[in-house]
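Laboratory data are not the source of any read-out in this text; all were calculated from the coordinates shown. This one's a predicted model, so the numbers in the text were calculated from it and none came from an experiment. Glycine gets a Cβ as well: all are built from the backbone with ideal geometry, and neighbour counts include every protein chain shown.
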Amino acid sequence: MCISIPGKVILIKGENAKIKQKGHFHWVNISSLEDEIKKGDYLITYQGAAINKISPKDAKEILRLMDGTGDTGIKCSD
């Protein structure tokens, strides 16, 4: 199973966007997205390609849950 961390767009050049994910920078291809992508948008990516644009609210919630600062209500047991 793969989990994608939301990345924030910081630069766009043609069909590629530079995104910041958890302090790291990556270039991803945005040509397959139908939505207009602009600086400040959040993207879900997979293997160098943007697969979805998400709202800032959703991106922040995902990041909060991945950081372990939110109570998901899910308990793990043996």
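What is the magnitude of the charge dipole of the chain about its Cα centre, with +1 placed on the Cβ of each Lys and Arg, -1 on the Cβ of each Asp and Glu, and no other charges, expressed in debye to the nearest 20?
Details: 12 positive and 10 negative charges, 74 e Å.
So the magnitude is around 360 debye.
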Long-range alpha-carbon pairs in segment 7-66, meaning those over 15 Å apart, account in percent for 40
Is any residue of segment 1-34 close enough, with backbone N under 12 Å, to a label point placed 7 angstrom from the Cα of Tyr46 along the Cα-Cβ axis, and if so, which? 1-4
Residue by residue through segment 33-44, the couplings from Karplus 6.51 cos²θ - 1.76 cosθ + 1.60 with θ = phi - 60°, in Hz, x for Gly and Pro, are 7, 7, 5, 6, 10, 9, 4, x, 5, 10, 10, 9
Pick out, from Ala17, Leu63, Ile51, the residue whose Cα sits farthest towards the positive end of the charge dipole of the chain, with +1 on the Cβ of Lys and Arg and -1 on the Cβ of Asp and Glu. Ala17
Charge context of Ile12, other residues only, Cβ under 11 angstrom, K/R +1, D/E -1: +1
Amide H neighbours of Ala49 at under 5 Å, excluding residues fewer than 5 places away on the same chain, with H built from the backbone geometry, are Asn29
